[in-house]
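Working notes, beginning with the structure itself.
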Amino acid sequence: EIERAFDLAARAGLNLEQIKVFASDGSAGFREFLARCLYWVHHQRCVFHLWRNVLPIITRYAAVAGDEWAEGLKKCIACVWNAGTTAEAEIMLKLLVGVYGTQPIAQEAVRLVQDTFEQAMTHLVAGLPGVSRTSCVCEWVWRYYKERVRQMGGFMSTDGCDHFNAIWEVALNFRRYQRRKERLRQYKYPGLCPLEVAGVMVQGVTWLDALAV
């Protein structure tokens, strides 16, 4: 299925040779495909989802070793994933392994960090300017797109998908990043839409204008 999807994308005009980074989950199918067909591409893992995988382990560790040790484990992992350079990340990884690498339960979290280290640090690789450390935006865009297509599918004509894609593109570009305050999530450009972030003036421009209707 993965190979077929990329084949269809290539037929539609995607230049596979220009792909530098591929963001996905930890599925073995993706890793195998990249190694076999897109061996020059860097595989990136979303740090947000890595945290989702490791937090249950930290919770189990807290029940055995206590909250203080569990909080220390969490902070050590954060120092690895939040590092500003690859060298700094490697140093923090060695510290993590040294302190928690042999601890029951905690070593599960350490192993996860070790196994995903290269993919989690993709954004620090030289030659990849502009690559952020998470794929969250890609995932919610794709999820919303699939939901809308599923809801509208029964109402589409033969050319309906193209019409939908045009409207979706406009809706996505005009969608403003939320103004919100959360402990775990912060938006880099609150109150602005992607077009405004790119420097385009959209005041007074309606969706119909954008669609040239």
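One line per residue, one yes/no per condition, for (1) outside any loop (DSSP other than H, G, I, E, B); (2) at pLDDT below 75; (3) farther than 22 Å from residue 21 by Cβ:
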site	(1), (2), (3)
118	yes, no, no
128	no, no, no
133	no, yes, no
137	yes, yes, no
141	yes, yes, no
145	yes, yes, no
148	yes, yes, yes
151	yes, yes, yes
170	yes, no, yes
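Out of all the residues in the range 1-34, which are hydrophobic (A, V, I, L, M, F, W, C) and farther than 30 Å from residue 76 by Cβ? Working first, answer last.
Taking the range 1-34 first, the residues hydrophobic (A, V, I, L, M, F, W, C) are 2, 5-6, 8-10, 12, 14, 16, 19, 21-23, 28, 30, 33-34.
Listed by number, the residues that qualify are 2, 5, 6, 8, 9, 10, 12, 14, 16, 19, 33.
Residues in the range 12-41 that are surrounded by 13 or more Cβ atoms within 10 Å (Cβ to Cβ) and in a helix (DSSP H, G or I): 16, 30, 31, 33, 34, 37. Touching a residue at least 40 places away in the same chain (Cβ under 8 Å), in a helix (DSSP H, G or I) and open to solvent by 80 Å² or more (accessible area, probe 1.4 Å), is that true of residue 60? It is true that residue 60 is touching a residue at least 40 places away in the same chain (Cβ under 8 Å), in a helix (DSSP H, G or I) and open to solvent by 80 Å² or more (accessible area, probe 1.4 Å).
Within the range 42-52, does at least one residue satisfy the condition of being among the polar types (S, T, N, Q), surrounded by 15 or more Cβ atoms within 10 Å (Cβ to Cβ) and modelled with pLDDT under 85? No: zero hits. Across the range 93-107, the number of residues qualifying as in a helix (DSSP H, G or I) and either of a type in the set (Val, Ile, Thr) or farther than 19 Å from residue 46 by Cα (or both) comes to 9.
Of the set (1) at negative phi; (2) surrounded by fewer than 17 Cβ atoms within 10 Å (Cβ to Cβ); (3) not in a helix (DSSP H, G or I), all apply to residue 78 but (3).
The values are calculated or read from the model by the stated rules, or taken from the named source; none is laboratory data. Keep in mind that this is a model prediction, so the values were computed, not measured. Note: ideal-geometry Cβ built from the backbone for every residue, glycine included; neighbour counts use all protein chains shown. All accessible areas refer to the heavy atoms of the entire protein, side chains included, with ligands and DNA or RNA removed. Shrake-Rupley method; radii C 1.70, N 1.55, O 1.52, S 1.80 Å.
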